[in-house]
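Okay, structure first, notes after.
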Amino acid sequence: MSKPSLLRRVFSAIWNGITRVRLALSNILFLLMLLFIYVVYFGGAPEALPERAALLFNPVGTIVDQKSPVMPLQILAGEPSPEDNEVLLRDVIEAIEYAREDPAINSLVMELDQLAYVGISKSQEIVVALESFRESGKPIVAVGNYFSQDQYLLASHADEIIAHPMGGVVLEGFSSYRNYFRQALEKLSVNMHVFRAGEFKSAVEPFVRDDMSPGEKEVTAQWLQGLWEQYTAAVEARRKLSAGAVNDYINNFSQRLQEQGGDTAQLALQAGLVDQLLSHREANDYLADMVGASNEEGLYEAMMFESYVSRKRPLHLPGENAGERVAVITAVGDMLPGDQPPGTIGGDSLAKLIRTTAETEGVKAIVLRITSGGGSMFASEVIRQEILHARATGLPVVVSMGAVAASGGYYIAAEADEIWATPSSITGSIGVFAAFPTFERLLERVGVFTDGVGTTELAGALRVDRPLNPQLTAALTSGVDHAYHSFLQIVADGRDMSVEEVDALAQGRVWSAPDALDNGLVDGLGGLDDAIAAAAARAGLDDYEVEYAEKPRSPRELLLQQLTKRLGGIARWNESDIHAGLSSLWRPVREAARELSLLQDPGHLYMRCVGCAMLQ
């Protein structure tokens, strides 16, 4: 056998070398991937739980019923702010419930300075857990610098409130203000064609007015005042203040502040809103004495609630739950057709989740947790049909309303077996509108014209670069009227009322939960736990588990979720004043663009409560 030539041996050696390098790099990348997965999912062995500690409730950002997806690169890029972070309401409540029974947890400390928003409805559900914790004999202390109005509602349910000597309590009351775009659309030569059914259906007002209509002001003031009365009553009861003390604090703030020499902390102390004024070091020493333990850095010993609940919550592997269960499905955000990510309600994606949950072995009842001001009527109808199908199989379906379940949110709730609302939920807004923008005048201003021929009177009628066809105008008007009467009939059937009775409550009017209860639109006032108990009772369950049904995630999505969680934990929340100022200046533009982006219904029919969006 002849010996290979020198050139062939050289090329063979080079090729073998490349192969070895390639294999070595592949092995290194594989090992790095394993290391990456280990760090993302496990992050090393967790530290042992302290023998004595406080549960630290220190939420950063917004407390929500359902988290919106965030990609890891979004955290690494840009300049995040506390508002970008989301905290699950369920994590908050379960952490407090676990701590109540945990002998190692002897107190609860609320540090709320980085809580951006929670809302009165979710606060009321957290308060139920706080009251249960207090009944165990363990103290609750709130510590903060400046307590915002949102933060203070939770802080007021502590046994003691400590503020910084340079801090205070900032209260202002509730309000509902939004931007109106009529003149802006006119200046941009954009024609906004709107049709509505319902005397109080105000969702289209931002497109056709420069201000809030008198009727909308009347309705909004009514439910806002109801919410504010709940807020002030809760604070005054917990702080043992006289009736009207909170309103007096706000309405005479400047005069009372002058009497205190401009010292906001002393004003809060004098008004009975806080109990002590302590510096950070003094507050830490006070809490260390209360807890009876300090860590290596000299800080009072505490377990942060998110890491605490993740360690205390039982780990359920896929397919492990074999017992009888009540499944909770969360529907949060604006309703849009098709598949949508969490934080937005997709007609197809939510309907599929309801269907698969109903077909899951062991699920004996469904609780649909709704926090939505509505949106696309088509998406709402797709979801409603799936709810009806689940009920037709004999599965009880109970609705738990979050802060708001109005318009399309009420449409999908109306035919449930039972509807529960928190005392501060906003609902109703039974009405329909159609909206369709055209841009022919805007295009003409830049010299662009549209012309051509069609085979019928409606050919090309839906083009946004042509004026609205008169036949299409008549068709949309008829469609809105038909959709409204269908809405009335659905509510009448679901609530065992006549269409005339529903119409008297409808017309787009927004109702507070107590008024909705009096008018028969809901069955009871309570939180998610009450709705779960009601669903279990309807299913005849005494011993059951609660399962939170979610859309199945791919391995890639699970990996990204864990990575996001890890990166979110190390992100720094420090939005600069300049960035915040520019963001607020652009807010009206972003809001206008967002409103237009939500007009995605294939029939251009919408059931949406725009004024309720502030509560989501």
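The values are calculated or read from the model by the stated rules, or taken from the named source; none is laboratory data. The structure displayed is predicted, hence computed values, not measured ones. With ideal geometry, Cβ positions are generated from the backbone for all residues, glycine too; neighbour counts draw on all protein chains shown.
Observations on the model:
- Qualifying residue in the stretch 315-329 (condition: basic (Lys, Arg), more than 30 Å from Met607 (Cα to Cα), touching a residue at least 60 places away in the same chain (Cβ under 8 Å) and in the same structural domain as Ile532 (by TED's automatic domain parsing)): yes
- Cβ pairs under 7 Å, 6+ apart, first in the stretch 90-106 and in contact (Cβ under 8 Å) with a residue 12 or more places away in the chain and among the basic types (Lys, Arg), second crowded, with 18+ Cβ neighbours inside 10 Å and part of a strand (DSSP E or B): none
- Total residues in the stretch 442-500, condition surrounded by fewer than 13 Cβ atoms within 10 Å (Cβ to Cβ), at pLDDT below 90 and acidic (Asp, Glu): 2
- Residue in the stretch 82-96 that is over 28 Å from Tyr286 (Cβ atoms) and modelled with pLDDT under 75 present: yes
- Unmet criterion (only one of (1) crowded, with 23+ Cβ neighbours inside 10 Å; (2) touching a strand residue (DSSP E or B) at 6+ places or on another chain (Cβ under 9 Å)) for Pro139: (1)
- Taken together, Arg238, Arg256 contain a single residue that is more than 19 Å from Asn145 (Cα to Cα), of a type outside the set (Val, Ile, Thr) and touching a residue at least 60 places away in the same chain (Cβ under 8 Å), which is Arg238.
Yes or no, residue by residue, for (1) buried (at least 24 other Cβ atoms within 10 Å of the Cβ); (2) among the hydroxyl-bearing types (Ser, Thr, Tyr); (3) assigned to a strand (DSSP E or B):
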residue	(1), (2), (3)
Asp348	no, no, no
Gly375	yes, no, yes
Glu386	no, no, no
His389	no, no, no
Ser400	yes, yes, yes
Val404	yes, no, yes
Trp420	yes, no, yes
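- The lone exception for Arg313 - which of (1) of a type in the set (Lys, Arg); (2) within 30 Å of Glu86 (Cα to Cα); (3) in contact with a Leu (Cβ under 9 Å, 6 or more places away or on another chain) it fails: (3)
- Any hit, the stretch 8-26, residues being touching a Phe, Trp or Tyr at 6+ places or on another chain (Cβ under 9 Å), at pLDDT below 75 and farther than 30 Å from Val141 by Cβ: no
- The number of residues in the stretch 100-145 being at positive phi and assigned to a loop (DSSP other than H, G, I, E, B) comes to 1.
- Considered as a group, the residues in the stretch 160-197 that are farther than 18 Å from Leu468 by Cβ and of a type in the set (Val, Ile, Thr) include one that is farthest from the chain's Cα centre (by Cα), and that residue is Ile162.
- Every test in (1) among the acidic types (Asp, Glu); (2) within 27 Å of Gly375 (Cα to Cα); (3) surrounded by fewer than 15 Cβ atoms within 10 Å (Cβ to Cβ) is passed by Glu172 save one, and that test is (2).
- Checking each residue in the stretch 399-424 for being of a type in the set (Gly, Ala, Ser) and more than 17 Å from Ala492 (Cα to Cα) picks out Ser400, Gly402, Ala403, Ala405, Ala421, Ser424.
- Qualifying residue in the stretch 178-199 (condition: surrounded by 16 or more Cβ atoms within 10 Å (Cβ to Cβ), among the acidic types (Asp, Glu) and assigned to a helix (DSSP H, G or I)): no
- Entirely in the stretch 242-288, the helices (runs of 4 or more DSSP H) that have 3 or more residues that are among the hydrophobic types (A, V, I, L, M, F, W, C) and farther than 15 Å from Glu111 by Cα: 245-251, 264-270
- Residue within the stretch 47-57 that is at pLDDT 60 or above and in contact with a Ser or Thr (Cβ under 8 Å, 6 or more places away or on another chain) present: yes
- Residue count, the stretch 391-412 (criterion: farther than 14 Å from Lys122 by Cα and touching a Ser or Thr at 6+ places or on another chain (Cβ under 6 Å)): 7
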